[in-house]
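Here is the structure we will look at, set down as structure tokens.
The values are calculated or read from the model by the stated rules, or taken from the named source; none is laboratory data. Keep in mind it's a predicted model, so treat the numbers as computed, not measured. Because the Cβ atoms are built from the backbone with ideal geometry, glycine has one as well, and the counts that use them run over all protein chains shown. Heavy atoms of the whole protein, side chains included, go into the accessibility calculation; ligands, DNA and RNA do not. Shrake-Rupley method; radii C 1.70, N 1.55, O 1.52, S 1.80 Å.
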Amino acid sequence: MGPYGPSLPPVRLQNLKNTFETKYGQSPHFYACAPGRVNLIGEHIDYCGYSVLPMAIEPNILAAVSVNKSGTITLANTNQQYKDFTVSCSEDIAIDRENPKWHYYFLCGVKGIQEKCGLAHLAGMSCVVDGTIPPSSGLSSSSALVCCAGLVTMEANQKSLSKVALAEICAKSERYIGTEGGGMDQSISFLAERGTAKLIEFQPLRATDVKLPDGAVFVISNCCMEMNKAASSHFNIRVVECRIATKMLAQARGLDSSRFMKLVQVQMELQASLEEMLALVVEVLHPEPYSREEICKALGITSEQFSTELLSANTQHVKHFKLHQRAKHVYGEAARVLRFKSVCDSEPVESVQLLGDLMNQSHASCRDLYECSCPELDQLVDICLKSGAVGSRLTGAGWGGCAVSMVPDEKVESFLQAVSEAYYLPDPRRAAMEKQSLFVSKPGGGAAIFLDE
């Protein structure tokens, strides 16, 4: 597959092929694969316009596909808990935000390509999907499914799009299910290369190699609490709080607040450093939560405008907004991403320790300012640090899911043993999940299409 594609065990491919043939009575025409990711640093800042630093991981979403003239798209999953689904190619694809089932994520990818390429008639497809990314774990299983579906739809309809275009389409189309993400997950899924992490920048979207230091590896550990971003409003509340903070900061500096939606835009307009933006947050935004009335008054907008222009569908119920803490996290975290890359580029002797410190600062900010951790994740991060990690932090949206830890090479075995004994083995449910919940990950390759060899 070269440095770009995934590395797939032949037995997994053969099992998927067998399942496909049993179900549909024919062989697949092609396969598509999209990896999950772990974000090393830069949490909850992509939707504010700031760069992030993820890497693709080996666990991925893999689909076997045949193209036909049936006029329908039929989806099946190797995991029995995910039910089959069929949709007509001729009707408008409807995605139910209230009920984020697995097939709707797939249909987000289909719909994104359909709209971008102006496909009045989609090709009929039969698909079987197989995933090795634990769901709702903060490793982007849902975005990988959207990306895989986008790739499948492009190939089945004989279109050709660049990886950057695919990433942008899939980032936009995942919003059909109600998640207002910033594009990191889809970008790394397409733009990843084996052996390197990536700095992902937005507007325009681009990815730069980041060579991780020798002498340490990244270990992923799942706290075994699930968080479905589309099914809960935590995630979108943070998006909204950052949007309101953007407007309040713009207004305080005499700018037209209606022109600004993302925290990065205020920084650009003021031509300020991240340190200056942090000082501005302290000066302008008070630490106590803001009420709707206070925000409306400051921005000179009506309560109707507040609901329609600032809130999203699943945040209409929110009454109070922590603007100071959220903006402080975003500007601080954006600075940590740049420092992380700078350490990787300059390779100082103590680079492992420096990166570990940045990861620890990131977790503290996610926990205390952004409030997107949970007791289990905090306990797990604590255990990881006591077990030999130089840095450990939540990764992904938070409120459950995974921690990523940087562990010196010589301590990996003892680290895995210690985390297993302290976090997984005492709890029967966690112990049963340990095999897919605690693993070393090297930077993997990006999404790819391939034929049966």
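Secondary structure note: in the chain, about 90% of the DSSP beta bridges are antiparallel. Normalised per residue, the accessible area of the chain is 40 Å², obtained with a 1.4 Å probe and no contribution from ligands, DNA or RNA. Apolar share of the accessible surface for the chain: 52 percent from carbon plus sulfur atoms, 1.4 Å probe. Here Glu350 sits with roughly 100 square angstrom of accessible surface, probe radius 1.4 Å.
Across the chain, the relative contact order, built from alpha-carbon pairs under 8 Å that are at least six residues apart, equals 24 percent.
Is there a pair in Lys83/Lys172; Lys172/Lys328; Lys23/Lys159; Lys262/Lys328; Lys101/Lys442 whose C-alpha atoms are over 20 Å apart, and which pairs would that be? Pairs exceeding the cut-off: Lys83/Lys172; Lys172/Lys328; Lys23/Lys159; Lys101/Lys442.
The peptide list 66-73, 363-370, put in order of mean Cβ contacts within 10 Å with the highest first, becomes 363-370, 66-73.
Dividing the summed helix terms, -39500 (n - 2.57) for each DSSP H run of n ≥ 4, by the number of residues in the chain produces a 222 nm estimate of -13000 deg cm²/dmol to the nearest 500. Among the GluC sites (Glu not before Pro) in the range 1-108, those placed in a DSSP loop whose Cβ has at most 15 other Cβ atoms within 10 Å are Glu91, Glu98. Report note on the peptides 166-173, 75-82, 237-244: ranked by the mean count of other C-beta atoms within 10 Å, highest first, their order is 166-173, 237-244, 75-82.
For the listed peptides 297-304, 412-419, a ranking on the average number of other beta carbons within 10 Å per residue, highest first, reads 412-419, 297-304.
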